[in-house]
1. Could you work out the Rg to Rh ratio of the range 49-140, with Rh taken as the Kirkwood radius (inverse of the mean 1/r over all Cα pairs)?
2. What residues have an amide H closer than 5 Å to that of Ala63, excluding those fewer than 5 places away on the same chain, when H is modeled at 1.01 Å from N in the peptide plane?
3. Taking the mean number of other Cβ atoms within 10 Å as a proxy for protection, how do you rank 78-85, 107-114, 126-133 from highest to lowest?
4. Which lysines does Lys137 reach when only Cα atoms under 22 Å apart count, and residues fewer than 8 places away in its own chain are ignored?
5. Label points 7 Å out from Cα along the Cβ direction at Gln130 and Lys83: separation in nm?
Amino acid sequence: MVRSTRCLRRFRGHGDTCWLWCGIGTGNMQEVKQRGLGGFPHERLQTRRAEAIANALVEAKLAACVSLLPIHSIYTWQGELHKEQEWQLVIKTDLAQFAAMEPKIKELHSYEVPEIIALPIVAGSQAYLQWISQQVKSKE
């Protein structure tokens, strides 16, 4: 992993506090309907999958908090345009947790290539940043 010193900023004693993003999709709804699964049960399945990832990360002390946001994504995959309802997981953690967190997310995620990216927090409440640092495993 390449780290840009311009992008990743150190916070006095808080390490590289960052947000990780991970999307959990509802899948191709046309395919879901063709297979007779119906939209609602499949969406509930994806909600449970998103919650399972969030719970696993927080319980393992890899993340201080995970927020689940419903989003609508438009993207291409294998040459086809997709429009999907997804869950965006905003994972509040320390960048030092990325190496342990990425395989855990991939293990629990349904996508072949899940979106797992780290974005630095360039400013924030010192009390909140300290709380994040206290919630995640130490770097040792």
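Coordinate-derived values only; no laboratory data. Values in this document were obtained by computation on a predicted structure and should not be read as measured data. Neighbour counts run over all protein chains shown; Cβ positions are idealised from the backbone, glycine included.
1. Details: Rg = 14.5 Å, Rh = 14.4 Å.
That ratio is 1.01, to two decimals.
2. Counting only residues 5 or more places away or on other chains, the set is Val58.
3. 126-133, 107-114, 78-85
4. Straight-distance partners of Lys137: Lys61, Lys92, Lys104, Lys106.
5. 4.8
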